[in-house]
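Chemist: To start, I am sharing the structure in question, which I have written as structure tokens.
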Amino acid sequence: MKKRVKPKIKETFPSKFEDMVEEEELYQRSFEKENYSDFSFCVSEWNECLFKNVSFEDVNLKEIGIMDAVFCNCDFSNCNFENQAFYRAEFYDCKFVGVNFFKTNFYDCLFQDCNLDYSNFSDCKTKTCEFTDCQAREARFHSNQISQTEWNHCDFSNLELIETSMVGEDVSSCNLEGLRTDPRNLKGMIISREQAMDLISLFGLIIR
């Protein structure tokens with residue numbers, strides 16, 4: 001499997017959102033303990049930025065490009081990321097409950113210890129990414145293109161997996177209880193023996 005490329009951040013300068021409302025690009029900036037929803041921005045790109053303890057809750061972030069960025073303990077609950085692209089972005093202890101990722105592409109991204117419950121990943125492309133110790137309960141993966149992605153100890157209980165091929169994807173350390181899918185989507189997916197017992201009901205088989 002191809003190794004994930006980490007964000008390329010040379011240096012950042014401490015900033016405040018109130019000083020950036022006229023900027024079209026956030027470049028080499030760092031923000032801490034800010035509330036993005038309190039400001040109106042015309043920004044279209046976040047490049048080489050750091051965000052720590054920032055709230056983006058209920059914000060419309062459609063069509064914003066994010067490249068070489070790190071987010072720590074940020075709240076994106078109910079955000080709209082539709083038609084966006086993430087390149088070399090890392091998220092640590094972030095909250096994405098109910099987020100709309102429709103037609104968003106992820107390249108070389110890391111989600112670690114993140115809450116992705118009830119999120120919509122429909123029509124997304126995910127390549128060379130890593131999900132570690134995350135929970136995505138009741139999330140939706142519909143018509144996704146997934147390749148060379150690592151899934152480590154994640155809770156995908158009651159996940160909806162529709163028209164999405166998982167060939168070659170190793171989810172053997174994850175919780176797949178209550179998975180809702182067509183068996184054809186599971187062809188070539190790598191699972192554990194214990195998971196096989198849980199998933200066998202999808203094939204209409206009964207164990208005695």
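The values are calculated or read from the model by the stated rules, or taken from the named source; none is laboratory data. Remember, it's a predicted structure, so these values are computed and weren't measured experimentally. Note: ideal-geometry Cβ built from the backbone for every residue, glycine included; neighbour counts use all protein chains shown.
Chemist: Do you know which residues across segment 51-65 are part of a strand (DSSP E or B) and buried (at least 22 other Cβ atoms within 10 Å of the Cβ)?
Modeler: Residue satisfying the conditions is F51 alone.
Chemist: Next question, about the same structure. Search segment 107-123 for residues being touching a His at 6+ places or on another chain (Cβ under 9 Å) and part of a loop (DSSP other than H, G, I, E, B), and hand back the single one that is surrounded by the most Cβ atoms within 10 Å (Cβ to Cβ).
Modeler: Taking the candidates together, the pick is F121.
Chemist: For segment 89-106, state whether one or more residues are in contact (Cβ under 8 Å) with a residue 24 or more places away in the chain, over 21 Å from F51 (Cα atoms) and part of a strand (DSSP E or B).
Modeler: Taking every residue of segment 89-106 in turn, none turns out to be in contact (Cβ under 8 Å) with a residue 24 or more places away in the chain, over 21 Å from F51 (Cα atoms) and part of a strand (DSSP E or B).
Chemist: Taking interchain pairs and intrachain pairs at least six residues apart, which have beta carbon atoms under 6 angstrom, with the first residue in segment 137-155 and under 11 Å from C174 (Cα atoms) and the second buried (at least 20 other Cβ atoms within 10 Å of the Cβ) and aromatic (F, W, Y)?
Modeler: Here the result reads W151/F131; C154/F131, each pair linking segment 137-155 to a residue that is buried (at least 20 other Cβ atoms within 10 Å of the Cβ) and aromatic (F, W, Y).
Chemist: So, one more: Could you please find all residues in segment 1-51 being aromatic (F, W, Y) and either within 30 Å of K127 (Cβ to Cβ) or modelled with pLDDT under 95 (or both)?
Modeler: Those that are aromatic (F, W, Y) and either within 30 Å of K127 (Cβ to Cβ) or modelled with pLDDT under 95 (or both): F17, Y27, F31, Y36, F39, F41, W46, F51.
Chemist: Let me ask something else. I'm trying to understand the selection: among the residues of segment 145-168, which are farther than 16 Å from P183 by Cα and not hydrophobic (A, V, I, L, M, F, W, C)?
Modeler: Q145, S147, Q148, T149, E150, N152, H153, D155, S157
Chemist: Looking at segment 127-181, which of its residues are of a type in the set (A, V, I, L, M), surrounded by 15 or more Cβ atoms within 10 Å (Cβ to Cβ) and not in a strand (DSSP E or B)?
Modeler: A136, A139, L159, M166, V171, L176, L179
Chemist: While we're looking at this one, here's another question. Which residues, counting only those in segment 122-136, are in contact (Cβ under 8 Å) with a residue 40 or more places away in the chain and on the phi > 0 side of the Ramachandran plot?
Modeler: T128
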